[in-house]
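Bear in mind these aren't lab numbers, they're just calculated from the coordinates by the rules spelled out. Here the structure is a predicted model, which is why all the values come from computation and not from measurement. Neighbour counts are summed over all protein chains in view; Cβ atoms, including those assigned to glycine, are modelled from backbone coordinates with ideal geometry.
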Amino acid sequence: MSGWDHSADLLIVGSGAGAMATAIRTHDRGGSALLIEKTDLYGGSSAMSGGSLWIPNNHLMAAAGVSDSPEEALAYLRHLTHGEVPEQKLARYVETAPRMLRYMSERAGLHMQSMLTYTDYYPEAPGGKPGGRSVEPHHFDARRLGDEFPNMREPAVQELVMGRVSMTATEAHHLLARHPGWVGLTTRIMSRYWLDVGGRLRSKRDRCLSLGNALIGMLRRALMDRKVALWRSTAARELVIEQGRVVGAVVEQNGRVLRIRAEKGLVLAAGGFESNDEMRRQYLPNPTKAEWTTANPGNTGDAIRMGMALGAAVDLMDDAWWGPTTVVPGEARARMLVIEKGLPGSIFVNKRGERFLNEATPYNDICKAMYARNTPESPCVPAYMIFDATYRRKYPLGPFFPGSQQPDWALPKLLKEARYLKKADTLDELAAQLGVDAAGLRASIEKINRYAREGRDPDFHRGESLFDRYYGDEKVQPNPCLAPLDKAPYYGLVVYPGDLGTKGGLRTDASARVLTKDGASIDGLYAIGNTSASVMGRTYPGAGGTMGPAMTFGYIIAEELIGG
Ligand SMILES: Cc1cc2nc3c(=O)[nH]c(=O)nc-3n(C[C@H](O)[C@H](O)[C@H](O)COP(=O)(O)OP(=O)(O)OC[C@H]3O[C@@H](n4cnc5c(N)ncnc54)[C@H](O)[C@@H]3O)c2cc1C
């Protein structure tokens, strides 16, 4: 130990779901792990997230009688990744992900439910499924974390009702679709929150965790049970090499510099570079801004740069887990418009007032279209979401409740003063406020109103995929994603190509070893999650397509390096 302040079999940089899964499996195989987290809060974007994991052929779907197989899952991924991801890596994911989930469920207290109606994002593709591959956490009682609860990163604001009350994605969908029993469910959720007197006396933070906070809560509890150390406010600054092998890292902890030895491997699980403006401008399509991301402010690409400094190759650096976002004045992070964009009575247009995509398509593809179709003649970045009074009355949007519950006069003063939501009695007036071509906008609305009556969108096929309809309004017919925009006032919102994190990073093999350009592995160095180039290539197969792999490849590292 001479020259070292501390050592562990695995030094894991980061504290998201992938990092924690790696540490749990390392411990259970008889090894020691240390997690270090740069910020003063653990959990990263994983804690802020929806908490879902995309695990094909998982035991929960089997228990619910939904069929799946490795062959179907592989066919699906092969089709979506267009040969850009080595077959061996895809196969490793398909083989290990269900095993990882079962292990974590049976041994580490991960309590998940299958999202049986949440479709794969491309359910009509070969091997695609109409539901079940995405799983999400049940609620988790934050009191089980004791003093460690306030040290967890809070959920993203878009994951909470009124910025405070939490619910599972399954519950949220039930309420939004107003399925039978939705009133009772709302009452139960709200009463649960307000009747937690002990919690309310402490803070507004909901102690009945769901989504990413529940996932990280469960994993954190498993680490605490195992006495695995997680050091917050400890940033990896530099990797230490001895005879060509990564043997540890120099870290900074509250101004102190420490050297930590990684006996068997060093795992970079420090997220992507979404919060680093300079790296965004360098690698992502432009224009781009860190202000448009919904993800963790601590994810500034440190680990990717540390790997690159050692000669690691990178892939997919121009890509992200995209989604259209709105920047709400007074809120720390952008919000993604996951549900809102496909609900009937709204459209996205470019500067010319023209539609240019299927608004109900998976959020990842929206931003790809925004960039692909962004030209000086028809700028699509930013885009503009247009909707009418009926939409406003019926549906929640960004920071707003439906107008039926929160009329325009009751909107927060800050947002009114910032003129965040544009509103006008005529389309021409709205176009002028947004700086959009009025004739183009009028023509687009005329067209979509006709398509809504016919129930078909021949231009972009909105509402044709089962995925589109998942977030549609099933009470609106003939197409649950299309309704006319014919009731004044009209509204508009500026929409940016935002993200849930970047997905490009260090090139890794099927064992998560970091590779150089010539295909050799860098001894002792591993990368998972958004620090690595995604096993999903340029696609987003379904909800959970980012954390499922992060946890699975962490699990693989532990299985290969530790014990037996
Ligand atoms: C609102 C929202 C909803 C989402 N929903 C889902 C979902 O339902 N399912 C899904 O799969 N994905 C979802 N995502 C995306 C997902 O959360 C991320 O892609 C994933 O969590 C990334 O995991 P990670 O381990 O790479 O990074 P993170 O979970 O962000 O963890 C990385 C950690 O490393 C720390 N770090 C950075 N640099 C250093 C350093 N130098 N030293 C030490 N620590 C460092 C960071 O502070 C951070 O805490 C969502 C994201 C958001 C924002």
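With just the Cα atoms defining each centre, how far is segment 517-533 from segment 40-95? Give it in Å.
Distance between centres, Cα-based: 20 Å.
Thinking of the chain as a set of Cα atoms, what percent of all their pairs are more than 39 Å apart?
Every Cα pair in the chain considered, those over 39 Å come to 25 percent.
For L215, L415, what's the fewest-to-most ordering of other Cβ within 10 Å of each Cβ?
Neighbour counts put them in this order, fewest first: L415, L215.
Alpha carbon centre of segment 265-316 versus segment 132-153: separation in Å?
So the separation of the two Cα centres works out to 27 Å.
Could you let me know the centre-to-centre spacing of segment 356-414 and segment 485-503, using Cα atoms, in angstrom?
If you average the Cα positions of each part, the centres end up 2 Å apart.
Which of the pairs K204/K487; K289/K423; K38/K416; K413/K503; K38/K289 have their Cα atoms more than 32 Å apart in this structure?
The answer is K204/K487; K38/K416; K413/K503.
With bins 5 Å wide starting at 0, give me the P(r) of segment 365-427 over every alpha carbon pair, in whole percents.
Per 5 Å bin, starting at 0, the Cα pair percentages come out as 4, 14, 20, 19, 16, 14, 10, 3, 0.
Which whole-Hz couplings ³J(HN,Hα) result when phi for each residue of segment 405-422 is put into the Karplus expression 6.51 cos²θ - 1.76 cosθ + 1.60, θ = phi - 60°, listed in order with x for Gly and Pro?
So the J values, rounded to whole Hz, are 9, 9, x, 4, 5, 9, 6, x, 4, 4, 6, 5, 5, 7, 6, 4, 9, 7.
Per q in 0.19, 0.28 Å⁻¹, report the Debye log10 I(q)/I(0) for segment 77-135, using one uniform scatterer on each alpha carbon and no solvent.
Those come out to -0.84, -1.11, one per q.
For segment 375-480, which GluC sites (Glu not before Pro) are in a loop by DSSP, counting at most 15 other Cβ atoms within 10 Å? Intermediate values should be presented prior to the final figure.
Numbers: sites: E377, E417, E429, E446, E454, E464, E474; in loops: E377, E464, E474.
Here the GluC sites (Glu not before Pro) that fit, given the DSSP loop and packing criteria, are E377, E474.
Counting other beta carbons within 10 Å of each residue's own, what order do T361, T390, T502 fall into, fewest first?
Listing T361, T390, T502 from fewest to most nearby Cβ atoms yields T390, T361, T502.
In whole percent, what relative contact order does segment 447-564 give with Cα contacts below 8 Å and a gap of six or more residues?
18
Give the residue list of trypsin sites (Lys or Arg not before Pro) in segment 448-548 that are DSSP loop and have at most 11 other beta-carbon atoms within 10 angstrom. Working shown, then result.
Values: sites: R450, R453, R456, R462, R469, K475, K487, K503, R507, R513, K517, R538; in loops: R456, R462, K475, K487, K503, R507, K517, R538.
Counting only loop positions with at most 11 other Cβ atoms within 10 Å, the trypsin sites (Lys or Arg not before Pro) in segment 448-548 are K475, K517.
If Rh is defined by the Kirkwood formula over all Cα pairs and Rg also comes from Cα, what ratio Rg/Rh do you get for segment 522-564?
That ratio equals 1.03.
For segment 5-103, restrict the atom set to alpha-carbon positions and state the Rg and Dmax in Å.
That works out to 16.4, 52 Å for Rg and Dmax.
Where the eigenvalues come from the Cα gyration tensor of segment 158-286, what are the semi-axes √(5λ) of the equivalent ellipsoid, largest first, in whole Å?
Square roots of five times the eigenvalues give 41, 21, 15 Å.
Would you tally the net charge around H179, using a Cβ to Cβ cut-off of less than 13 Å, leaving H179 out, and scoring K and R as +1, D and E as -1?
Net of charged neighbours comes to -1.
In Å, what is the Rg of the alpha-carbon atoms in segment 418-560, and how long is Dmax?
Here Rg and the maximum Cα pair distance are 22.9, 65 Å.
Dipole of segment 327-472, Cα-centred, from +1 at each Lys and Arg C-beta and -1 at each Asp and Glu C-beta, to the nearest 20 debye?
Once rounded to the nearest 20, the dipole reads 280 debye.
Non-local amide H neighbours of I241 (under 5 Å, H modeled in plane, Pro and chain starts lacking H): which ones?
V247
If you place +1 on the Cβ of every Lys and Arg, -1 on the Cβ of every Asp and Glu, and leave all else neutral, what size is the dipole of the chain about its Cα centre, to the nearest 20 Debye? Kindly include the intermediate steps, with their values, before the conclusion.
Working: 68 positive and 64 negative charges, 257 e Å.
That gives a dipole near 1240 debye.
Name the long-range amide H neighbours of V165: under 5 Å, sequence gap of 5 or more, or other chain; modelled H, no Pro or chain starts.
Residues meeting the criterion, in which the H sits 1.01 Å from N, do not exist here.
Considering the dipole of segment 132-277 built from charges on the beta carbon (Lys and Arg +1, Asp and Glu -1) around the Cα centre, which of L258, L145, V135 is farthest to its positive end?
Final value for the positive-end residue is L145.
Taking the Cα centre of segment 113-170 as origin and charging only Cβ (+1 Lys, Arg; -1 Asp, Glu), how large is the dipole, in debye to the nearest 20?
Dipole of segment 113-170, to the nearest 20 debye: 80 debye.
Relative contact order (percent) for segment 90-168, with alpha-carbon contacts under 8 angstrom and 6 or more residues of separation?
Values: 62 pairs, mean separation 16.3, N = 79.
Rounded, it is 21 percent for segment 90-168.
Toward the positive end of the charge dipole of the chain, about the Cα centre and with charges on Cβ (Lys, Arg +1; Asp, Glu -1), which of A418, Y93, S114 goes farthest?
So the residue furthest toward the plus end is A418.
If the cut-off is 15 Å between C-alpha atoms, which aspartates and glutamates fall inside it for K129, apart from same-chain ones fewer than 8 positions away?
D68, E71, E72, D120, D468
Taking segment 79-232, how much of its Cα-Cα pair set, in percent, is spaced more than 28 angstrom apart?
The share of Cα pairs beyond 28 Å in segment 79-232 comes to 34 percent.
Strictly greater than 17 Å: what percent of every Cα pair in segment 212-304 meets that?
When every Cα pair of segment 212-304 is considered, 64 percent fall beyond 17 Å.
Which ³J(HN,Hα) values, rounded to whole Hz and listed in residue order, are derived for segment 75-91 from phi using the Karplus coefficients 6.51, -1.76 and 1.60 in 6.51 cos²θ - 1.76 cosθ + 1.60 with θ = phi - 60°, glycine and proline given as x?
Taking θ as phi minus 60°, the curve returns 4, 5, 5, 4, 4, 7, 9, 6, x, 7, 10, x, 3, 4, 6, 4, 5 Hz for segment 75-91.
Compute from the Cα atoms of segment 391-430 the Rg and the Dmax, the latter being the longest Cα-Cα distance, and quote both in angstrom.
So, for segment 391-430, Rg and Dmax equal 10.5, 28 Å respectively.
Divide the volume of the convex hull of the Cα atoms of segment 271-406 by its number of residues and quote the answer in cubic angstrom per residue.
115
Give me R256, R178 ranked fewest to most by other Cβ atoms within 10 Å of their Cβ, as a rough exposure proxy.
R256, R178
Can you tell me the relative contact order of segment 130-224? Whole percent, Cα pairs under 8 Å, sequence separation 6 or more.
Reported relative contact order: 48 percent.
Dipole of the chain (Lys/Arg Cβ +1, Asp/Glu Cβ -1, origin at the Cα centre): which of Y395, A558, P541 lies farthest to the positive side?
After comparing all options, I get Y395.
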